[in-house]
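Enquirer: First the structure, then my questions, so here it is.
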Amino acid sequence: MLKHPKRRAALETLTETDKSVFTTTSLATRVEDRLREDDLLDDGEEYGRNKLNSVLPHLETSGVITRIPKAERDDQYISFVNYWIRDWLSNQDLEKNSPTTLPEEEDEGSACMVYYIGNALASESGSQYTEDAEEDSESEPTGNTLPIEATLYTAVQQHATVEDPTFAIALGSLDEIRDTKFMELLEALDLNVELPEPDDPYDDQRQVHDYSISGLVGEVRNVHEPEDLKKRIEIQLATWSAGAFGMYSASRSDGGTKGTLEGAQVAALSEELLDKDGLSAALKRFGFGVKAANDRVIFGSYVRQKLSTQK
């Protein structure tokens, strides 16, 4: 990342931002503005979604961002800025082309995140993380789950013992996970919400969409704070869901900017989801569940509501 000026500009844009969530278009616009300020674009040259998509996989595998599917499109993504990694990198002298210090021990979240991602990258023998790809080559998003795994590891590690964890996770519409092991995990939890039947899919006419997260963390031992662990993971599930749905209300009169969400906006929306757990209105349903059993933690969520589509 740091060896390529344009990739570096994307990284620095994220480490210096006060935003929490971006659409690809909104992030590409910000990176282009920075490139122009730094005279890294030729006259008439543009920096759009396709060029940013060639950089996003590098940002994702290094944990700077976490990409999850949009609420209305499983094949398109929004990017969460990983504040643990962002805060750590913000304190580094990137002019040296490499971080020079690890997070302090008291910064437990950043330390866990950097430890997990560092070990994962170091254990890769292929060229997925090391190939020197062409600077402006175009590629589609990969949907890498490494930063999601690192986030879950960080959450669980602080309330249990996790040495060599295994992960499985699915995000997107309920139809994406139906008839899979992830649906079985959802049904094993007390979500306190009614899941729709297969003949009740996305309703684009009413702009009603659903969003589900389901998965597990395996090889978990000695859960010493089960209620704290449950709350921690539920907050994370609500945060991801709030980002997926909240993007459609970011241009409201709450000071939001189209295509982005601030951390406070995501927090408020996630609290709203958690406070209304179990609501079974026709157009608005929320349910979250976490269970620690048999040396593993299973978790799941379901959200169904109407989108406020931006014009």
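The values are calculated or read from the model by the stated rules, or taken from the named source; none is laboratory data. Bear in mind the structure is a predicted one, so any value in this text is a computation, not a measurement. Here the Cβ positions follow ideal geometry from the backbone for every residue, glycine too, while neighbour counts run over all protein chains shown. Side chains are part of the model used for accessible areas, which takes the heavy atoms of the whole protein and leaves out ligands, DNA and RNA. Shrake-Rupley method; radii C 1.70, N 1.55, O 1.52, S 1.80 Å.
Enquirer: If the Cβ limit is 6 Å and pairs must be 6+ apart or interchain, which residue in the stretch 219-242 that is assigned by the TED database to the domain that holds Gln157 and farther than 25 Å from Lys70 by Cβ pairs with which residue that is in a strand (DSSP E or B) and open to solvent by less than 60 Å² (accessible area, probe 1.4 Å)?
Expert: Glu219/Pro165; Val220/Val162; Val220/Val297; Arg221/Thr161; Asn222/Thr161; Val223/Ala292; Pro226/Ala292; Lys230/Val290
Enquirer: So, one more: Test Asp190 against the stated conditions and say whether it is farther than 19 Å from Arg232 by Cα and open to solvent by 40 Å² or more (accessible area, probe 1.4 Å).
Expert: No: the conditions fail for Asp190.
Residue-by-condition table, conditions (1) touching a strand residue (DSSP E or B) at 6+ places or on another chain (Cβ under 6 Å); (2) at pLDDT 90 or above; (3) assigned to a loop (DSSP other than H, G, I, E, B); (4) buried (at least 21 other Cβ atoms within 10 Å of the Cβ):
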site	(1), (2), (3), (4)
Glu12	no, yes, no, no
Val21	yes, yes, no, yes
Ser26	yes, yes, no, no
Asp43	no, no, yes, no
Tyr47	no, yes, yes, yes
Pro57	no, yes, no, no
Gly63	no, yes, yes, yes
Ile78	yes, yes, no, yes
Asp87	no, no, no, no
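Enquirer: Would a scan of the stretch 216-226 turn up a residue that is closer than 14 Å to Gly300 by Cβ, open to solvent by less than 10 Å² (accessible area, probe 1.4 Å), in a strand (DSSP E or B) and at pLDDT below 90?
Expert: no
Enquirer: Report yes if Gly243 is at pLDDT below 90, under 22 Å from the mean Cα position of the chain (by Cα) and small (Gly, Ala, Ser), otherwise no.
Expert: Judged against the criteria, Gly243 is not a match.
Enquirer: Would you be able to say whether some residue in the stretch 246-261 is in a helix (DSSP H, G or I), surrounded by 16 or more Cβ atoms within 10 Å (Cβ to Cβ), touching a helix residue (DSSP H, G or I) at 6+ places or on another chain (Cβ under 8 Å) and at pLDDT 90 or above?
Expert: no
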